[in-house]
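None of the figures in this text is laboratory data; all of them are computed from the coordinates on show. Model, not experiment: these values are computed from the prediction. So basically every Cβ, Gly included, is an ideal-geometry build from the backbone, and we count neighbours across all protein chains shown.
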Amino acid sequence: MKKILNDPKNFVPEMLDGLLKAHADQLSYAANDLRCIVRADAPVSGKVALATGGGSGHLPVFLGYVGRGMLDGCAVGDVFQSPSADQMLEVTRRIHGGRGVLYIYGNYGGDVMNFDMAAEMAGMEDIEVRTVLVKDDVASNRDPEKRRGVAGMVFAFKCAGAKADLGGSLDEVEAIARKTLANVRTMGMALTPCIVPQVGKPTFTLGEDEMEMGMGIHGEPGISRETLKPADEIAERMLRAITGDMPVGAGDRVAVMVNGLGATPPEELYIVYRRVHDVLTGEGVKIHRAYVGEYATSMEMAGCSLTLFRLDDELTTLLDHPARTPFFVQV
Amino acid sequence: MKKILNDPKNFVPEMLDGLLKAHADQLSYAANDLRCIVRADAPVSGKVALATGGGSGHLPVFLGYVGRGMLDGCAVGDVFQSPSADQMLEVTRRIHGGRGVLYIYGNYGGDVMNFDMAAEMAGMEDIEVRTVLVKDDVASNRDPEKRRGVAGMVFAFKCAGAKADLGGSLDEVEAIARKTLANVRTMGMALTPCIVPQVGKPTFTLGEDEMEMGMGIHGEPGISRETLKPADEIAERMLRAITGDMPVGAGDRVAVMVNGLGATPPEELYIVYRRVHDVLTGEGVKIHRAYVGEYATSMEMAGCSLTLFRLDDELTTLLDHPARTPFFVQV
Amino acid sequence: MSTFTAACVRKALRRVGERMVALRDRLNELDAAMGDGDTGISISKGGAALAEFADANPLNDGDDIGKYLANAGMALNRAAPSTMGTLLATALMRMGKEAKGATTLDAHLLARMIVAADTAIQERGKAKPGDKTIVDALHPAAEAFAAAIERGEDLNRAAQTMLEAARRGCDAATPLRSNVGRASWVGERTVGRPDPGAVLCVEILESLIAA
Amino acid sequence: MSTFTAACVRKALRRVGERMVALRDRLNELDAAMGDGDTGISISKGGAALAEFADANPLNDGDDIGKYLANAGMALNRAAPSTMGTLLATALMRMGKEAKGATTLDAHLLARMIVAADTAIQERGKAKPGDKTIVDALHPAAEAFAAAIERGEDLNRAAQTMLEAARRGCDAATPLRSNVGRASWVGERTVGRPDPGAVLCVEILESLIAA
Ligand SMILES: Nc1ncnc2c1ncn2[C@@H]1O[C@H](COP(=O)(O)OP(=O)(O)O)[C@@H](O)[C@H]1O
Ligand SMILES: Nc1ncnc2c1ncn2[C@@H]1O[C@H](COP(=O)(O)OP(=O)(O)O)[C@@H](O)[C@H]1O
Ligand SMILES: [Mg+2]
Ligand SMILES: [Mg+2]
Ligand SMILES: [Mg+2]
Ligand SMILES: [Mg+2]
């Protein structure tokens, strides 16, 4: 296991300790628990608060989007593990600014169950909580309700966060999160596995010339395992999987995200972006913004995902709104 | 070779094509050559222009720092190869805003020879060119003049770029670049090799439990190959190599950069940062800013480097100056 | 034996916790084949938390066993907030609620508690028998146990009946295709592989009745 | 033969270019052991550019050979701006400058051109003999060739003398420790390994005189 760490048991607490020390101007934590990350200026009174949460090992997802114009708090679990209902509740209490709390997080069994428990407990304390699940991964199920949440969640954080920053009500912020996600689809592929520090070995193997289309960000097997294809073909396959589910055409405006899973260098992501750009613009689709880089990772997994976000004027304005977090700065 | 690419021969041009399409609002190119990257608004008249250049495979280094408050142009070579003197000259011509051009780049044989040729040719066209070489890697030689340039160059881009943005003269901007680099030291280590696309196999191998201290960003062998140590020990070793060469102590103010070489996840970088932070603050050193992430990479190499930047009031102001490039945004 | 005393409950909790710890590698392997390979990590942490809870918290004759179990459930959730851990924690909390105020557990109360665990897991997780989850083992086990107690079988025999039902349920789920949770994303590839949650259920019941 | 015609020069350029292409893997391997493993990539690109240049650009009797070589050097720099490529390009440009205006190359001009190449590389790269670079092969070769011509050896014999001097210089550098360029960062580990640049020099001279 080629990782830079001390005792694998301390991977998450030490990571959080370092991160909080590096970004003390922007981040703090609640309840004396490093896993309950909140904005340094939380609660922002009079603003709808946004919270997320989930397992570690996906930086910048999840806590990397806590900051001005995006999220107010994040409960942090062990690697690929949900945080506990307790921790979500502590975050909820600390960020609540009097106008309700919106949970936005990925559709994973453990997270859903714990967030549901936390929402029930918060409700008993008269904090109004709403929940929007991210289910953007078209590869994970034909049934849109059963899909898992991956990189596309960043657009939900961005637009709902902007709406809250602009003074929107809980209803309005929730509606923006839902509208955003109704227009976001992601498809990914992987070249290599990653290693959970406490397990110490890869959860799966891929042959030297194999790739897996549709693989999940925890290494969940995908749609098909096949020989490695050229970048252009990979780009087109991902694009077609998305537009087959959410058509875009001439006159449409989109944001594009090409996301690296960890070990894939930015150079390769731009090669993928190039093809996506050429195909989309060739079909008359206007690309309003391109996000190429690491937005949702799986530690040292090699591979990438493509996310398309179909925009209207309202979503465009919210996407363009400034934001500043330790991992995402837009001016 | 697990890379997402088309024909390896087209790795650099396709990467550049994608990158220029993704960042058309910020970047453009000169002389009809994608390898001659310039700010979209170049030349900025009345401003000292800054140029860099070097091989591909290190994103965000080099071209990722072209933008407001940092660099004006960058000549891009093949993977780990210098660009040609021609290309540097084209960049120089296009960015020259009437107040001279400063070259800041790493101390590598091929780059030095080509930049020297370019400077001679630019001189014949009455463009005043100055050169500052980056030699921050303490591991690469005992003789400071023979050291190679690595991640620390980002601080030179940042401070000299800020000085130019604030209207400094060529003399002043050059002096800031030199002063910055006199106060910058880097030390790195690697866990795995990387693969040059056109070579197709790793240039070296490291055993499953080995690391190499002091390895260069092209895979140049380092100071010692040894069994993998805990993160805290790695952090301390890098720190001691730096402070042995450039002492810092109680009352000093520094910026710290923990840079990932490509495959090492941010989680691990924060574990390293944590130890650096604790040791330095324990010794009374004040950390003014922390940069943790990928600033200078070697494609999919696993490993990290530590850079210390000793600050005075002038350098602090310049470091804090806003900047905006496709890979580096500071508000 | 026909009723469980406070001391028995505490010991059983400890035993179950230890079994969960021991299952680490096996559950990881089963989950790696169809999920994210971490069931064992999380369940072993949860088991350790249960054993620690039992060690740290005395349960004397006359104490409220229900409250004790509910608190153990909360400790389990904090230590193991994964899908499986959360469902087990939910089950333990609901069993505690069912036993609220009780200072010993007789056969009928035990049967109601196990049925409550089954109900709680189905409510929280929304899986049905046949979805290839822990429910495929737990649901028939709970029904068989309740029926056996109902028809007057002694506790030991009823426990064996329950365990056999769990085993049959677990085996019957193996040829199925996972329909919920992470494993559902794998689809066809889960066919023929045992479900980690169902296997865990059998193991927990086995360690529970191993006196 | 005692003078090179325009046609000979063009053919020689092509031959050298092809040899550089053929050396790809060998130079990569040598450089991998002490540098960044890319000498072959860059030199093969440069060789291809030289061969292409020779194919694309006629050189007729009466044309300026010096200018032709200088342009070839610029094409080489564009295609191969690595250390080795840049040094070779610099050498070629300087050889062109030395031969400026010449329409054939006689033995004495050839000797001056090779000395000029050596000087150019030493000026641009600032390496001295003994630093374990291409200079260790090229410098003795240039000196031996000039001396042989001086003492009246015929061109073919003088060329053999030059090649032997290059080979001896290359071999003598192998036990040394690299003192400049990327290889110097490796330090001790370069001892006993042939220097890619010195090997390349021998190969180029060999292909140059293979008529
Ligand atoms: N919705 C559900 N209801 C009941 N059991 C479930 C559900 N989802 C998953 N499971 C069970 O959980 C087991 C996996 O647990 P675990 O590895 O902790 O999940 P995860 O890694 O997704 O958090 C499965 O084998 C299955 O038995
Ligand atoms: N300063 C120098 N002067 C002369 N030759 C040099 C110098 N530096 C390196 N070389 C030669 O260049 C060879 C390496 O070439 P190359 O792989 O192109 O370098 P790089 O990868 O550093 O650009 C070495 O084997 C050596 O012979
Ligand atoms: Mg899990
Ligand atoms: Mg090189
Ligand atoms: Mg699992
Ligand atoms: Mg080299």
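Let me check the size of region B:179-243 from its C-alpha atoms; what are the radius of gyration and Dmax in Å?
Final numbers for Rg and Dmax: 13.6, 41 Å.
Among the lysines, select those whose C-alpha is under 17 Å from the C-alpha of residue A:2, and discard any that sit fewer than 8 residues away in the same chain.
Reachable lysines: A:201, B:229.
Report the Cα centroid-to-centroid distance between region A:228-286 and region D:42-61 in angstrom, as an integer.
39
Counting only Cα atoms, I'd like the Rg/Rh figure for region D:3-210, Kirkwood definition for Rh. Mind dumping the intermediate values first?
Working: Rg = 16.0 Å, Rh = 16.7 Å.
Using Cα coordinates only, the ratio equals 0.96.
Express as a percent, rounded to the nearest 5, the fraction of DSSP beta bridges in chain A (both residues included) that run antiparallel. Before the final figure, lay out the partial values.
Numbers: 31 of 55 bridges.
Close to 55 percent.
With θ set to phi - 60° and the Karplus curve 6.51 cos²θ - 1.76 cosθ + 1.60, what are the ³J(HN,Hα) couplings of region D:35-46 in order, to the nearest whole Hz, using x for Gly and Pro?
Rounded to whole hertz, the list is x, 10, x, 10, 3, x, 4, 6, 5, 5, 5, x.
Tell me, what HN-Hα J-couplings in whole Hz come from the Karplus equation 6.51 cos²θ - 1.76 cosθ + 1.60 at θ = phi - 60° for each residue of region D:130-137, using x for Gly and Pro?
x, 7, 6, 9, 4, 4, 4, 8
Kirkwood hydrodynamic radius for the protein assembly as shown: how many Å is it when counted over pairs of different Cα atoms?
31.6
Please give the direction-averaged projected area of the C-alpha convex hull for region C:58-131, in square nanometres with one decimal. Don't skip to the end; give the middle numbers.
Details: hull surface 20.8 nm².
It is 5.2 nm².
Taking other Cβ within 10 Å of each residue's Cβ, how do D:8, D:201, C:170 sort, fewest first? Write out the running numbers ahead of the final one.
Working: D:8 16, D:201 28, C:170 24.
So the ranking, lowest neighbour count to highest, is D:8, C:170, D:201.
Can you give the relative contact order of region D:97-164 as a percent, counting alpha carbon pairs under 8 Å and 6+ residues apart?
Details: 53 pairs, mean separation 19.7, N = 68.
Averaging sequence separation for qualifying contacts and normalising by length gives 29 percent for region D:97-164.
Before anything else, pin down the relative contact order of region D:3-210: Cα pairs under 8 Å, at least 6 apart, normalised by residue count, whole percent. Kindly include the intermediate steps, with their values, before the conclusion.
Working: 392 pairs, mean separation 43.7, N = 208.
Result for region D:3-210 is 21 percent.
Calculated FRET efficiency, residue A:316 and residue A:178, Cβ-Cβ r, R0 22 Å, to nearest 0.05?
Values: r = 17 Å, r/R0 = 0.78.
Once rounded, the FRET efficiency stands at 0.80.
Sort the following peptides by mean Cβ neighbour count (other Cβ atoms within 10 Å, averaged over residues), highest first: B:150-157, B:271-278. Don't skip to the answer; put the middle values down first.
Details: B:150-157: 29.4, B:271-278: 25.6.
The densest-packed peptide leads the list: B:150-157, B:271-278.
Just rank D:136, A:17, fewest to most, by other beta-carbon atoms within 10 angstrom.
On the way: D:136 27, A:17 19.
Listing D:136, A:17 from fewest to most nearby Cβ atoms yields A:17, D:136.
What is the set of long-range amide H partners of residue B:50 at a cut-off below 5 Å, with H atoms built 1.01 Å from backbone N?
B:72, B:73, B:102
A 28 angstrom limit on the alpha carbon distance is what I want to check against. Which of D:100/D:126; B:47/D:67; B:135/B:158; B:135/B:163 exceed it?
Working: D:100/D:126 25 Å; B:47/D:67 38 Å; B:135/B:158 16 Å; B:135/B:163 21 Å.
Those over the limit are B:47/D:67.
Run through every distinct alpha carbon pair of region B:184-312 and return the Kirkwood hydrodynamic radius in angstroms, one decimal place.
Numbers: mean 1/r = 0.0675 Å⁻¹.
Evaluated on region B:184-312, it is 14.8 Å.
Considering only DSSP beta bridges whose two residues both sit in region B:184-312, what percent are antiparallel, to the nearest 5?
If we restrict to bridges inside region B:184-312, about 75 percent are antiparallel.
What residue among B:166, B:203, A:244 has its Cα farthest toward the positive end of the dipole of the protein assembly as shown, where the charges are +1 on Lys, Arg and -1 on Asp, Glu, each on the Cβ?
The residue sitting farthest along the positive end of the dipole is B:166.
Counting other C-beta atoms within 10 Å, which of B:14, A:208 has the fewest, and how do the rest follow? Don't jump to the answer; show the numbers that get you there.
Details: B:14 24, A:208 9.
Least to most surrounded, the residues fall as A:208, B:14.
Looking only at the protein assembly as shown, where both bridge partners belong to it, what percent of the DSSP beta bridges are antiparallel (to the nearest 5)?
Details: 66 of 114 bridges.
The answer is about 60 percent antiparallel.
Considering only C-alpha atoms, what is the centroid distance from region C:65-131 to region A:115-185, in Å?
29
Could you work out the Kirkwood radius for chain B, taking every pair of different alpha carbons, averaging 1/r and inverting it, reported in Å? Numbers along the way, then the final one.
Values: mean 1/r = 0.0506 Å⁻¹.
Every distinct Cα pair counted, the radius reaches 19.8 Å.
Determine ³J(HN,Hα), in whole Hz, for all residues of region A:259-264 in sequence, where each value follows from phi through the Karplus function 6.51 cos²θ - 1.76 cosθ + 1.60 and θ = phi - 60°; x replaces Gly and Pro.
Result, rounded to whole Hz: 10, x, 7, x, 8, 6.
Please give me, ordered by residue number, the trypsin sites (Lys or Arg not before Pro) of region D:139-198 that lie in loop per DSSP and have at most 10 other Cβ atoms within 10 Å.
On the way: sites: D:151, D:157, D:167, D:168, D:177, D:182, D:189; in loops: D:151, D:177.
Taking region D:139-198 and a limit of 10 other Cβ atoms within 10 Å, the loop trypsin sites (Lys or Arg not before Pro) found are D:151.
Run through the other copies and list how far each one's label point is from that of residue D:2, in nm with one decimal, shortest first; the point sits 7 Å from Cα along Cα-Cβ.
For residue D:2, the other copies' label points sit at 12.9 nm, shortest first.
Can you list the residues, at least 5 places off or on another chain, whose amide H is less than 5 Å from the amide H of residue B:285, using H built in the peptide plane?
Answer set, sorted by chain and number: B:251.
Note the distances from residue B:244 to each other copy's matching label point, with points 7 Å along the Cα-to-beta-carbon direction, in nm, sorted shortest first.
Result, one decimal in nm: 5.8.
Long-range amide H contacts for residue A:195: which residues qualify at under 5 Å (H placed 1.01 Å from N, peptide plane, sequence gap of 5 or more or a different chain)?
A:300
Starting from the Cα of residue A:286, draw a straight line to each of the aspartates and glutamates and keep only those under 12 Å, dropping any in the same chain fewer than 8 residues away.
Once the sequence-local aspartates and glutamates are set aside, what remains near residue A:286 is A:252, A:278, A:312.
Helix-only mean residue ellipticity at 222 nm, chain A, DSSP H runs n ≥ 4 weighted -39,500 (n - 2.57), per residue, nearest 500. What is it?
Working: 8 runs with 105 residues, N = 331.
Calculated mean residue ellipticity at 222 nm is -10000 deg cm²/dmol.
What are the distances, in nm and sorted shortest first, from the label point of residue C:126 to the label points of the same position in each other copy, with each label point placed 7 Å from Cα along the Cα-to-Cβ direction?
7.0
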